[in-house]
Structures are given as structure tokens and as C-alpha cells.
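Chemist: My questions will all concern the structure given below.
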């Protein structure tokens, strides 16, 4: 599994998926927790509020993964040119 993280391109693709998942979770949480006007069970309402916390967390993790992979790709190109 750790061999997967050695390739910057694999990490870049993973970061894109994590960013999209975080955005979807955040938007679903905002809609369910604050914009939906109907009644829902309390467990679902708590889950929607949890999505408003977990969504931005995944966004931050995906962004850091993207920065790291782009940095490693930049270093790999600099080493092959030099």
C-alpha cells in the first residue's frame, strides 16, 4: 500500500478524488442541515451536521495531498533536467 504513495501521479489522482468527495459531503451537509425544510429523524440531522465538519476536513486533506504531489512532481522534473 505504501508503494501507492511513492508515485506523485497516484497521489495527485487520489487528491482529486478526495477533494470531490469532500465538496460533495460539505454541500450535502449544508443542504440537509440548514436548507432542507422537511422533517427528518434526529440521527439523520446529526449526520448532516457531521458532514459539514467532515467535508471541509477532506477538502483540507485533499488540498495538502495535491500540494505535496505537485511539489514532488516539480522536484522530479528539476532532477531530470539538471
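Any read-out appearing in this document is the output of simple, stated calculations on the displayed coordinates, not a laboratory observation. Given the structure is predicted, the values throughout are model-derived calculations rather than measurements. Using ideal geometry, Cβ is built from the backbone for each residue, glycine included, and neighbour counts are taken over all protein chains shown.
Chemist: Just need a number here: residues in the range 1-52 that are more than 17 Å from the chain's Cα centre (by Cα), within 29 Å of residue 76 (Cα to Cα) and in a helix (DSSP H, G or I).
Modeler: Total meeting the criteria: 2.
Chemist: Quick one: is residue 22 under 20 Å from residue 60 (Cβ atoms) and surrounded by 16 or more Cβ atoms within 10 Å (Cβ to Cβ)?
Modeler: Values: under 20 Å from residue 60 (Cβ atoms): yes; surrounded by 16 or more Cβ atoms within 10 Å (Cβ to Cβ): yes.
Yes, satisfied.
Chemist: Name the pairs: first residue in the range 55-78 and free of Cβ contacts under 8 Å to residues at least 24 places away in the same chain, second residue part of a helix (DSSP H, G or I), Cβ to Cβ under 6 Å, at least 6 apart or on different chains?
Modeler: none
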